[in-house]
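The values are calculated or read from the model by the stated rules, or taken from the named source; none is laboratory data. This one's a predicted model, so the numbers in the text were calculated from it and none came from an experiment. FYI the Cβ positions are ideal-geometry reconstructions off the backbone, even for glycines, and counts take in every protein chain you see.
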Amino acid sequence: MVARVKYQLTETDASIYTKKRWWGELITTRALVDSGSTFSIEFSDGRRGDCFVYANSEINSRSQRYHYHFNGRSKLGDLRHSL
């Protein structure tokens with residue numbers, strides 16, 4: 001585990017024209033990476049997937065909080081059903 005974060009996740013359902021997509025933003029007290037890194041992320045409901053993480057341009061160094069955006073790069077799977 002790299003860090004615990006607070007996050008906001010947005011998802012769209014698949015249609016006949018598009019795949020299901022997911023993305024969002026996260027806030028942490030720890031600097032994660034340079035922009036452009038890929039991570040596996042696990043959400044509080046047990047789902048997980050791979051995502052591309054990039055830094056928000058507004059990092060607040062006074063409060064030691066780092067803001068990042070993420071875009072899903074894989075299917076969001078349910079960890080509980082994969083065992």
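Screening residue 66 with (1) part of a strand (DSSP E or B); (2) modelled with pLDDT of 85 or more gives one miss only, at (2).
Can you run down the residue pairs with Cβ atoms below 9 Å, 6 or more apart or on separate chains, where the first is in the stretch 11-34 and in contact (Cβ under 8 Å) with a residue 12 or more places away in the chain and the partner is part of a loop (DSSP other than H, G, I, E, B) and among the polar types (S, T, N, Q)? These pairs meet every condition: 25/56; 29/63; 29/64; 30/64.
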